[in-house]
Amino acid sequence: MMGWEVPDDREKPPCPYVIGFKFEPRPWEQYRQILNFTQTRYCVRDLRPDEPSRPATPVNGADGGGGAKKPTATAKSYVSSSSCGNSPTRTTPVSAPRRSLIIDSLIRSGDQAGAQVVTCYWEDDARKTIYVVKIYNPLYYSFEEADHPGMPTDVVWNAARDYSIEAAAYQQLRAYETSWAGTTLRDESKNIHGCYPAFFGCFYTTLKLVCSGNTYTRIVPLILTEHFQSSMASQTVVVKTRNNPTNGWAKIRVVELPGTEDFRIHAFARAASAFMRLTMAGVGQGDFAPRNIFLVGNRPDSANDFRAVIGDFNVAKIFPLMTPKRNPPATMDPISFCEDSSWEDRFHDWLPQWFFTDKEKRRACLRKEFPSSKP
């Protein structure tokens with residue numbers, strides 16, 4: 001494979017996920033299980049060509065009502081052995097299957113971008129409520145192995161893996177939150193409400209592909225979640241203002257926040273707390289970094305008027321679904337977690353340098369954030 005290059009693909013359609021693109025999501029109700037995984041030209045080798053319409057068999061001499069296409073597409077619902085032992089994607093439909101979503105803006109989109117992340121609204125929604133949609137279309141994953149340049153990778157496998165793990169994570173968190181809300185004696189330290197984006201279900205859409213004159217239909221899974229009018233915590237924070245004409249919301253860069261140092265440490269502590277709560281709820285997010293943290297609230301200089309939200313679960317470990325099954329940690333010490341030396345590489349541009357070098361000052365600061373902790 002040395003010297004391998006991604007072949008020129010003249011029949012590959014341009015990435016369709018652009019502003020204004022409309023598609024019909026259908027509820028995903030535990031579709032087909034694991035199939036063979038293979039690197040494929042245009043991701044169609046595992047699909048049968050769509051067949052031309054044929055008359056339906058008459059019933060009692062009556063016309064069956066015209067032609068009907070034979071279902072041909074199959075979905076690769078890869079189930080990670082490190083994350084889940086069975087399909088996580090059975091959900092209750094949250095909307096009528098014939099409604100359409102329209103892409104409003106692009107968060108991460110384009111050829112070789114991997115999972116496409118866009119914001120959408122329902123076409124028939126007069127309020128145009130915005131959602132985040134993550135689309136796992138293997139055709140627009142990179143055909144080159146990220147960790148080994150010059151080597152091909154299986155894009156179908158990669159897309160199915162990302163979808164299955166992320167869907168399983170949201171399912172586990174939603175089930176845990178429902179179970180916690182139903183308990184009589186609730187431990188607030190284990191409340192995960194607001195620690196992750198609200199999850200609105202798993203769906204699929206279809207994409208037509210033409211290869212060597214044959215038309216194929218690929219089923220593409222997607223996930224619908226809550227949208228925050230902010231970017232990652234390392235860049236912006238959502239702030240509610242009275243004089244902002246755009247729905248009362250404005251964005252303020254973290255570097256411009258009042259009390260920058262104190263606020264950043266406090267925000268880091270809140271994000272760490274949210275991350276640990278999700279872990280104890282059964283989902284180890286696996287990528288604790290500023291790009292996956294959202295700070296949402298009314299005033300960033302207020303100690304209690306914002307929340308830290310953890311997003312992106314495509315590399316998560318879902319403890320109850322692992323093989324062999326593992327129990328999530330019953331407790332986690334927040335100070336010990338925040339003092340992990342690996343955070344310097346990820347948070348060096350967010351936290352002050354002394355936080356990583358002055359152990360006594362850092363410990364005193366963290367004790368204020370977590371007064372009940374005893375590392």
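Count Lys and Arg as plus one, Asp and Glu as minus one, and take only other residues whose Cβ is under 13 Å from that of Ala289; the net charge is then -4.
Phe319 sits among other residues whose Cβ lies under 10 Å from its own Cβ, and their net charge, with Lys and Arg +1 and Asp and Glu -1, is +3. With 32 Å as the limit on Cα-Cα distance, the pairs of Lys190/Lys368; Lys12/Lys325; Lys317/Lys374; Lys22/Lys325 that go past it are Lys12/Lys325; Lys22/Lys325.
Can you give the percent of C-alpha pairs in segment 117-161 whose distance is more than 13 Å? Above the 13 Å cut-off, segment 117-161 has 64 percent of its Cα pairs. Net charge around Arg186, counting only other residues with Cβ within less than 14 Å of its Cβ (Lys, Arg = +1; Asp, Glu = -1)? Residues close to Arg186 contribute a combined charge of -1. When peptides 268-280, 100-112, 324-336, 149-161 are ranked by their average number of other Cβ atoms within 10 Å per residue, the highest-first order is 268-280, 149-161, 100-112, 324-336.
The length gained by stretching the chain between Lys361 and Asp305 to full extension, at 0.36 nm per residue less their Cα-Cα distance, is 17.6 nm. Estimated at 0.36 nm per residue, the fully extended path between Cys15 and Thr183 surpasses their Cα-Cα distance by 55.8 nm. Put simply, when 337-346, 192-201 are sorted by average Cβ atoms within 10 angstrom per residue, most first, you get 192-201, 337-346.
FYI, it's all coordinate maths here, none of it is from the lab. Note that the coordinates shown come from a computational prediction; the quantities given were computed from them, not determined experimentally. Cβ: placed from backbone, ideal geometry, glycine included. Neighbour counts: every protein chain shown.
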